[in-house]
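Worksheet for the structure shown next.
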Number of protein chains: 2
Amino acid sequence: MAAAASHLVPSVGRLGNGDGTSERLLDAATELFARRGFHATSIRDIAARAGANVASGHYHYGSKRGLYLQVLRRQFANVRSLVDRHGPLPPTAVLHRRSRRELIALLTRRVETMIEVMIAPPLQPHGALMLREMCDPTDVMPIIVDEFIRPQTAEMEAIVGALIPAAPPATVQRCVRSIVGQVLFYRFVMPVMLRMLGKQSYPARFTREMAAHVVEFSLGGLARVGRGRMPTLTARRRRPQRRGERGWPRGRTRRTRAR
Amino acid sequence: MAAAASHLVPSVGRLGNGDGTSERLLDAATELFARRGFHATSIRDIAARAGANVASGHYHYGSKRGLYLQVLRRQFANVRSLVDRHGPLPPTAVLHRRSRRELIALLTRRVETMIEVMIAPPLQPHGALMLREMCDPTDVMPIIVDEFIRPQTAEMEAIVGALIPAAPPATVQRCVRSIVGQVLFYRFVMPVMLRMLGKQSYPARFTREMAAHVVEFSLGGLARVGRGRMPTLTARRRRPQRRGERGWPRGRTRRTRAR
DNA sequence: GTCTTGTTGAAACGACTGTTTTAATCGATT
DNA sequence: AATCGATTAAAACAGTCGTTTCAACAAGAC
């Protein structure tokens, strides 16, 4: 019934001192959970890799699940500090007065940081843990959304919104998803992509070109999508405009039910 | 030692007759593997849901893993037949003579089919199984790559290549990834996205607008990226040509090594 | 010294796992 | 009707799982 076990003292921070049984457990658990997943990892594996006893996991973290949650917390706190290391983003109003060149530089750095954190070797546990969380969401997922994804998305929307000031918010959101989607794609389908490339990991040159392409492609996408009204697909030019709708939100028409 | 158990007769086809113990097992396993994953699903769960005995799984499929592999095979055969139902794509040479409007229609249908198969409710097991296979690749992954992903990618490259005939193959490949990535994003981060939308599943309107946006955004990206020479990263432009941009392709310059 | 408190070690518990064994059942063929 | 193969049912097997128990140990307080 020990009182100092860290599952009673939420202390999320916990610098990685490395020594100490609980830290070694956390490190071992991070690696194994990322590599094999929650169910496929036994606390005996974790204890063995940490050079600790089977009971130590329960003593320090209450349960296997508690250990897993702690792993996720620490990992996303790490990512967050990585992403925030360039300082805060200027407020939206300021961004809108920045030059296009500056905005593009901001966007580029965002994309490059994402690639560095999630995709470029040496692979960190972040990506695998996130992928697993998308397969089997746990109690931590809402926390990750609120504390990590929402703010990151908001900042991206600020940048993109400044790049296409005439576009409505919904369009800006979709554009952010398009940009982030392009990047995460390389992480999510990594096993497939590596096999098609015939590599063991992404070459540095590959991730470099990936970043450049995503930015270029996205700038083109923004240019086309971001001119005021949302262009419908088979774009009958802007007049007849039959079925009501005032322009932007209007999705597309026909061809919706494919076949 | 039964001789007719289907793990001895690979018979991948196997129409879904529905009755028959082995079919019920396969259906139950498909749903449970998709929902909970391989390790978190026990053959007792599967047998119970199929109204069969615990031993029937091993009798018909040899092992739990054999059952899982069969599930994946059938599932991707299904997807393939769904995608191919519009008939074969014209050969590349023919595509290059098609009008831009026709090519865009082809691209649009591809995107819409992907969304329909992978994302739009009612959710099919395909997406979840694919996501899990990206977390923990099995022996089937190479088969899926060769029999499903490679041909699909090749067809996409044919369409995109015809849309930007001046672009080198590597650029076409990257563009295909950008397009597919935008779509798959919505499937891979679905738990996060649904939480941010405050919905239980993607509304029909949402997936409609998603398809329209992806096509529009991508056409813009193609237009910018697809004009001739590949915009290399640090691209010393082909001649002095300071940074008085000529507008279009010129990639980005410096800023490659973020920090 | 003793007592207290925080931590580790070894062993065991009960539940559940994938798999195998053995017998019973069904259906068509002879 | 008898036979034989394919299929199903029930039970058991050996192993692993997360978790708990409890004794041993360390170190500071008194």
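The values are calculated or read from the model by the stated rules, or taken from the named source; none is laboratory data. This is a predicted model, so every value here is computed, not measured. Ideal geometry is used to build each Cβ from the backbone, glycine not excepted, and the neighbour counts take in all protein chains shown.
Within the range B:25-39, work out how many residues are buried (at least 19 other Cβ atoms within 10 Å of the Cβ) and either basic (Lys, Arg) or within 20 Å of the chain's Cα centre (by Cα) (or both). Talk me through it step by step, then tell me what you get.
Keep residues of the range B:25-39 that are buried (at least 19 other Cβ atoms within 10 Å of the Cβ), which gives B:25-26, B:28-30, B:32-34, B:37-38.
Applying the additional criterion that residues be either basic (Lys, Arg) or within 20 Å of the chain's Cα centre (by Cα) (or both) yields B:30, B:33-34, B:37.
Final tally of qualifying residues: 4.
Consider residue A:122 carefully, then state whether it is in a loop (DSSP other than H, G, I, E, B) and either of a type outside the set (A, V, I, L, M) or in the same structural domain as residue A:211 (by TED's automatic domain parsing) (or both). Explain how you work it out, then say what you get.
Details: in a loop (DSSP other than H, G, I, E, B): yes; either of a type outside the set (A, V, I, L, M) or in the same structural domain as residue A:211 (by TED's automatic domain parsing) (or both): yes.
It is true that residue A:122 is in a loop (DSSP other than H, G, I, E, B) and either of a type outside the set (A, V, I, L, M) or in the same structural domain as residue A:211 (by TED's automatic domain parsing) (or both).
Please name all residue pairs, on different chains or six or more residues apart, with Cβ atoms under 8 Å, provided the first residue is in the range B:48-64 and is more than 6 Å from DNA strand C (Cβ to nearest atom) and the second residue is among the charged types (D, E, K, R).
These pairs meet every condition: B:49/B:31; B:50/B:24; B:50/B:27; B:51/B:24; B:52/B:24; B:57/B:64.
Can you pull out the residues in the range B:57-90 that are within 14 Å of chain A (Cβ to nearest Cβ) and within 15 Å of DNA strand D (Cβ to nearest atom)?
Of everything in the range B:57-90, just one residue is within 14 Å of chain A (Cβ to nearest Cβ) and within 15 Å of DNA strand D (Cβ to nearest atom), namely B:64.
Given the structure, is residue B:145 within 11 Å of chain A (Cβ to nearest Cβ) and out of contact with any strand residue (DSSP E or B) (no Cβ under 7 Å at 6 or more places or on another chain)? It would help to see each step written out before you state the result.
On the way: within 11 Å of chain A (Cβ to nearest Cβ): yes; out of contact with any strand residue (DSSP E or B) (no Cβ under 7 Å at 6 or more places or on another chain): yes.
Answer is yes for this residue.
I'd like the residue in the range B:124-140 that is of a type in the set (A, V, I, L, M, F, W, C) and within 12 Å of the chain's Cα centre (by Cα) and, out of all such residues, is farthest from the other protein chains (Cβ to nearest Cβ). Can you show your working first?
Our first condition is that a residue be of a type in the set (A, V, I, L, M, F, W, C); within the range B:124-140, this holds for B:128-131, B:134-135, B:140.
Now narrow it down to the ones that are within 12 Å of the chain's Cα centre (by Cα): B:128-131, B:134.
On the way: B:128: 7, B:129: 10, B:130: 9, B:131: 6, B:134: 6 Å.
Out of the qualifying residues, it is B:129.
Matching residues to (1) among the hydrophobic types (A, V, I, L, M, F, W, C); (2) surrounded by fewer than 20 Cβ atoms within 10 Å (Cβ to Cβ); (3) on the phi < 0 side of the Ramachandran plot:
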site	(1), (2), (3)
B:144	yes, no, yes
B:147	no, yes, yes
B:163	yes, no, yes
B:178	no, no, yes
B:192	yes, no, yes
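Could you list, in sequence order, all residues of the range B:44-56 that are crowded, with 16+ Cβ neighbours inside 10 Å and within 10 Å of DNA strand D (Cβ to nearest atom)?
Within the range B:44-56, B:47, B:50, B:52, B:56 meet the criteria.
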